[in-house]
1. How many angstrom separate the Cα center of segment A:77-137 from the Cα center of segment B:58-108?
2. Ordered shortest first, which distances in nm separate the 7 Å Cα→C-beta label point of B:Asp167 from those of the other copies?
3. Using only the alpha carbon atoms of chain A, find the Kirkwood hydrodynamic radius as the inverse mean reciprocal pair distance, in angstroms to one decimal.
4. If you average 1/r over every pair of different alpha-carbon atoms in segment A:1-74 and take one over that average, what Kirkwood value in Å do you get?
5. Averaged over peptide A:221-229, how many Cβ atoms belonging to another chain are found within 10 Å of each residue's Cβ?
6. Would you please give the residues with an amide H less than 5 Å from that of A:Thr57, counting only those at least 5 places away or on a separate chain, with H modeled from the backbone geometry?
7. Tabulate in residue order the Karplus-calculated ³J(HN,Hα) for segment A:101-114, using 6.51 cos²θ - 1.76 cosθ + 1.60 with θ = phi - 60°, rounded to whole Hz; enter x for Gly and Pro.
8. Longest segment of chain B with no trypsin sites (Lys or Arg not before Pro) in a DSSP loop having at most 16 other Cβ atoms within 10 Å?
Protein chains: 2
Amino acid sequence: MGELIFIGLGLYDERDMSLHGLDEARACDTLFAEFYTSALRGTTAEKLAAMIGKPLTVLHREDVESGAVLLKHAAVERVGFLVPGDPMMATTHVDLRLRAHEAGIPTRIVHGSSVITAAIGLLGLQEYKFGRTTTVPIPEAGFRPASPVEVIAANREAGLHTLVLLDLKEDGRFLTANEALRYLMEMGGANFPERLAAADLGPPLHSLVVPGTLHFAEREALLRFAGAPPDALPPPS
Amino acid sequence: MGELIFIGLGLYDERDMSLHGLDEARACDTLFAEFYTSALRGTTAEKLAAMIGKPLTVLHREDVESGAVLLKHAAVERVGFLVPGDPMMATTHVDLRLRAHEAGIPTRIVHGSSVITAAIGLLGLQEYKFGRTTTVPIPEAGFRPASPVEVIAANREAGLHTLVLLDLKEDGRFLTANEALRYLMEMGGANFPERLAAADLGPPLHSLVVPGTLHFAEREALLRFAGAPPDALPPPS
């Protein structure tokens, strides 16, 4: 009897996996990975496979979406599927888990650290003051949704912060924070200062956080840890 | 020159820490931990210290809040502060980081897996459909806030799910999901079926998720993976 284990890889390199995740990966018959729902910028599939001590097949988007290879192996073997971040944040992995269940294949999840909480924590903001998360897509002809600016506006209206994730594609394209800021400004939804869209925000991958009402400690943290210019922040509430 | 490193322990036992976290902990001069903002139910401080191979001092709430011991050591040594989950989700740790900064002590964060994304992923729900997180406190005389029912109501009004965290205290008291459901029902804010408040929801610690509008795949996941009775779920939207 096989099994499909979703193993979270965390945020940056091969050592962001948990010890439990490493144990599970080493106990698998076959290992697959995907790096298109997110990417580990500090490592490669080769380094990851070397650390685990087992060969590792990187799947493309269509392989994961069809699920055929994963489910064929998982029907008869213990299969580990290595996924950046916390593994079930991508809808496609929930779909895959449902299909495994339908095929009578047991599934398990080994959690990893996620940008969802990491971004909040690095900035020193408070998680319970965040509204909905949104994603800015890589703009394409005929696809420029207004939903990111709508989500940010609704959150700000309620005094809440917004975590804005930035799209990336399997071919290596990704959106920088500067590009995302310009997108949001062009969509007319957010009154960001122009200098921010031109600022050096460090090497990618990026995410954006649009603050709502700031507590005193949150304001302090943005000044001390996020390099926020004092004149860009509202006075503490 | 000293340093203060916040190291996330993840969710359940000593092997939920990342490899990076273990490396950092082993490279520290002195290790502290706290288990009052959350708790690792699958391990003990002794097991954690044995795995790391270094002694470990568990701090009480007042020690963490005053910060005196941590900052005294971190002024001159490399100090690791081990924290359940992803370490900056607790406001008190952000305060501590700000005080370290004020004292000229560099800080770093090693992320861990968090209930914030783990609960969402285990249920197969979609993160971007969650509104604000809220917490149900252990009710005390004169302290029965209505904020949890207000947050749930506002999220449901917008079709969004709510992650409801449940309070725990340093003396070992914690709220079960059943108690939290009764609290929410008594506060009049949520129309939960009475059978749910009496149901066997497995061993604690618990969190609650109150669904808003469900996508088809979310509904399927709740039926297949969360044991949801079909008649308790609205039809797919």
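The values are calculated or read from the model by the stated rules, or taken from the named source; none is laboratory data. Not measured: the values here are computed from a predicted model. All Cβ positions, even for glycine, are placed from backbone atoms using ideal geometry, and neighbour counts span all protein chains on display. Heads up: the accessible areas ignore ligands, DNA and RNA and are worked out on the full protein's heavy atoms, side chains in. Shrake-Rupley method; radii C 1.70, N 1.55, O 1.52, S 1.80 Å.
1. 29 Å
2. Label-point distances to the other copies, shortest first: 4.4 nm.
3. 19.3 Å
4. After inverting the mean inverse Cα-Cα distance, the result is 12.8 Å.
5. Working: counts 6, 0, 2, 6, 7, 0, 0, 0, 0.
So the per-residue partner count for this stretch is 2.
6. Counting only residues 5 or more places away or on other chains, the set is A:Leu31, A:Phe32, A:Ala33.
7. Result, ordered by residue: 4, 4, 8, x, 9, x, 10, 9, 10, 10, 6, x, 6, 10 Hz.
8. Working: sites that count: B:Arg41, B:Lys169, B:Arg173.
The reported range is B:42-168.
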